[in-house]
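Let me begin by presenting the structure, written as structure tokens, before commenting on it.
Taken together, the values in this text are just the output of simple stated rules run on the coordinates, not laboratory data. Model, not experiment: these values are computed from the prediction. As a convention, Cβ positions derive from the backbone with ideal geometry for all residues, glycine included, and neighbour counts pool all protein chains shown.
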């Protein structure tokens, strides 16, 4: 009978240790998720700002129609559009 009690106590203590360890890991992951969310929100805000500024700067399509600058400008606009699309999916 005493052996069963000792085994039961051992199992309970082991389970408590496992649960405590998992809870600590979960808390750490939760903090990382909050950090990543903040990072993504900041990136999204910056991409929106850059997108508005590029549209404001190129109202007359001076950059877009220039041969040398136009290609680079198109690539920048494409990257901004992709980032905007990806960030707004959520």
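Compared with the dominant principal axis of the Cα atoms in the chain, helix 67-88 is inclined by about 30°. A protection proxy built from the mean count of other Cβ atoms within 10 Å ranks the segments 43-54, 28-39, most packed first, as 43-54, 28-39. Here mean projected area of the Cα convex hull in nm² was calculated from the structure, and among (i) 8.5; (ii) 6.0; (iii) 9.5 it sits at label (i).
Against the chain, whose longest principal axis comes from its Cα atoms, helix 2-57 is set at around 10 degrees.
Between residue 79 and residue 22, the modelled labels are 4.4 nm apart [label points 7 Å from Cα along Cα→Cβ].
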